[in-house]
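First comes the structure, then the notes that go with it.
The numbers here are math on the coordinates, done by the rules we state, and not lab data. Fair warning: this is a prediction, and the values are worked out from it, not measured in the lab. A quick note on method: Cβ atoms are made from the backbone with ideal geometry, for glycine too, and the neighbour counts reach across all protein chains shown.
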């Protein structure tokens, strides 16, 4: 892009905190100034070109970002793919108890490329959650939730909660056996809440049993929530551009020498890994499209026949294992919701002043044990709740919560951290930078 000059960045924006490496004042990122008369006229009245240029072209980005930071772009890509395929699928879907299952089969057989759209959407949900888990683990490992990024992190947790609700409601829409009984089991959890539990369940069902009113409510919300997610994603990106990106060293950029322009340096990485991610995505869609789908969901919903083993989608299994590990229903429901809500309080539970796990040897060990516990809970959630599986689920559940409520607060007091680099340039180029 040509024809640009420099002006002072908006007050409070992250680039305005950068100093020039020669010590002569603050760094001034370039801004977009079109040479074409028509574009100048539009820009003077609606500065969309300048917004795009300052956000995705000239925006200063820490020079040491690695490929773990590309999953934000992957998530944006997957969200748009899910919305696009979902909008087309809804044109052919019938949200009725008698017609839902048949309409999905008609999409697969009679709609042009309906099978492709359905498999892209169904497998896209799994790929979406895979990317968000990597994104969250990366944020936790490198301390991206620490000051001044607390609101950025909380918005991410809100997006995750909305994704879980959207994914669950979408799982019900095919109206197969697993869809029907998963809706029955999960919505029944609210009945454990004293006084208001039963009215909540009745409201969710739209009656006194899972049926057509339930399906229609879930269909409406499943269609609406992705656009709510999109709105929160915009806030998430806005917050990111205000406080700036974290980086593997966990130290803030001080001069423009610590940064590079977002384009081409970050965008090329994003495009490359999105392409790699799409190859894996395509493998599932074209070669094993039903691998992640429950076999019972290819049978029409039957309220009179209960599947032998009711399990949710794989991305809910860790929380399902936590729920089943506690014998008391109410306490299990509390633990289920607490396991998600606790994520929003990490910025205050972690008392260490050091962000990156690179310089926190004890935190690094406890963190990977926590990751193992999460993966273990996911595996246990797919097993029958009996014998050793229940014992292991309880052990992993205890550690899951202990990591946040005990380990994080105490490590900030007792952990001896490694020396931090003085700047991002020093972490990349060495002490002589």
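For the residues 53, 171, 113, a GNM of the chain with alpha-carbon springs under 10 Å puts the largest fluctuation on 113.
The coefficient of translational diffusion for segment 311-421, derived via Stokes-Einstein from the alpha carbon Kirkwood radius under 4 °C and 1.567 mPa s, stands at 87 µm²/s.
In terms of surrounding Cβ atoms within a 10 Å radius of their Cβ, 135, 309, 241 rank from fewest to most as 309, 241, 135.
Between the Cα long axis of helix 71-90 and the first principal axis of the chain there is an angle of about 40°, rounded to the nearest 10.
Taking the chain as a Gaussian network of alpha-carbon nodes connected by springs under 10 Å, the highest mean-square fluctuation of the residues 118, 63, 109 belongs to 109. I'd like the orientation of helix 100-109 relative to the chain: the angle between its Cα long axis and the longest Cα principal axis, in ° from 0 to 90, rounded to 10. The helix 100-109 is inclined about 60 degrees to the chain. In degrees from 0 to 90, rounded to the nearest 10, what is the angle of the helix 267-286 Cα long axis to the longest principal axis of the chain? Relative to the chain, helix 267-286 is tipped by roughly 20 degrees.
Between 325, 54, 356, the Gaussian network model of the chain with springs among Cα atoms under 10 angstrom shows the greatest mean-square fluctuation at 54.
Each label point was placed 7 Å from the Cα along the Cα-to-Cβ direction; for residue 102 and residue 287 their separation is 3.7 nm.
Once the chain from residue 209 to residue 272 is taken as fully extended at 0.36 nm per residue, the excess over their C-alpha distance is 17.9 nm. Here the spin labels are modelled as points 7 Å beyond Cα on the Cα-Cβ line, and at residue 92 and residue 372 they lie 4.7 nm apart. Within the P(r) computed for the chain, what percentage of the Cα pairs occupies the region above 38 Å? For the chain, the fraction of Cα-Cα distances above 38 Å is 31 percent. Under 15 Å from a label point 7 Å along Cα→Cβ of residue 413: give me every residue in segment 350-389 with its amide N that close. Only 350-353 pass the distance filter. Starting from the coordinates of the alpha-carbon atoms of segment 75-115, obtain the Kirkwood hydrodynamic radius over all distinct pairs and give the value in Å to one decimal. Averaging 1/r across every pair of different Cα atoms and inverting gives 10.9 Å.
Over the chain, DSSP H runs of length four or greater, each weighted -39,500 (n - 2.57), average out per residue to a 222 nm ellipticity of -18500 deg cm²/dmol.
Taking other C-beta atoms within 10 Å as the exposure proxy, 91, 178, 169, 136 rank 91, 136, 169, 178 from fewest upward.
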